[in-house]
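The values are calculated or read from the model by the stated rules, or taken from the named source; none is laboratory data. Just so we're clear, the structure is a prediction, and the values are computed from it rather than from any experiment. Here the Cβ positions follow ideal geometry from the backbone for every residue, glycine too, while neighbour counts run over all protein chains shown. SASA here: full protein model, heavy atoms, side chains in, ligands and nucleic acids out. Shrake-Rupley method; radii C 1.70, N 1.55, O 1.52, S 1.80 Å.
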Amino acid sequence: MGKRYFCDYCDRSFQDNLHNRKKHLNGVQHLRAKRLWYDLFRDAAAILQEEQTKKPCRKFLQTGQCDFGSNCRFSHMTEQDLEKLSAQVQGEQRSKDLRQEGADVPPGAIEDWLEKRAKRLSVAQSN
């Protein structure tokens, strides 16, 4: 039967020969799975910047679904999602600035504070 190649991105295996491996590595499914994997580790600031430049997806806003999914060239984020992401970016920037100044901040302290503040603001706005 021969050797088998297992692709960690796609979570599948196939007979390992030059033709099969080249076909798989250049395939749409593999490239999409690889991009999704690396998107998990992207910086929040880069995601925010990219999402702010995109126009909102009309189909996603109307129905809550989009046929293109993660391949859609339009944004699937709501205003609330963008605000949360912006708060996360600001929190990361503040903690980075504090670390550069030499302040000793416990990990997660700023994120917890921002989360509590956002909850307080949402409660205050609803009242």
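Listed values, structure above:
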| read-out | value |
| --- | --- |
| Top-ranked residue of region 63-83 - restricted to ones that are in contact with a Cys (Cβ under 7 Å, 6 or more places away or on another chain) and part of a loop (DSSP other than H, G, I, E, B), ranked as modelled with the lowest pLDDT | Cys72 |
| Condition met for Gly64 (on the phi > 0 side of the Ramachandran plot, loosely packed, with under 10 Cβ neighbours inside 10 Å and not assigned by the TED database to the domain that holds Tyr9) | yes |
| Some residue of region 100-113 being at pLDDT 85 or above, surrounded by 14 or more Cβ atoms within 10 Å (Cβ to Cβ) and either in a helix (DSSP H, G or I) or of a type in the set (A, V, I, L, M, F, W, C) (or both) | no |
| Residue selected from region 50-59 under the condition under 27 Å from Gln93 (Cβ atoms) and in a helix (DSSP H, G or I), by the criterion least open to solvent (accessible area, probe 1.4 Å) | Glu51 |
| Subset of region 9-29 (residues that are in contact (Cβ under 8 Å) with a residue 12 or more places away in the chain and basic (Lys, Arg)) | Arg21 |
| Residue that is least open to solvent (accessible area, probe 1.4 Å), among those in region 1-18 that are within 30 Å of Phe68 (Cβ to Cβ) and not in a strand (DSSP E or B) | Cys10 |
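Residue by residue, here is whether (1) in contact (Cβ under 8 Å) with a residue 40 or more places away in the chain; (2) in a loop (DSSP other than H, G, I, E, B); (3) not small (Gly, Ala, Ser) holds:
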{"residue": "Leu31", "(1), (2), (3)": "no, no, yes"}
{"residue": "Phe41", "(1), (2), (3)": "no, yes, yes"}
{"residue": "Leu48", "(1), (2), (3)": "yes, no, yes"}
{"residue": "Leu61", "(1), (2), (3)": "no, no, yes"}
{"residue": "Val123", "(1), (2), (3)": "no, no, yes"}
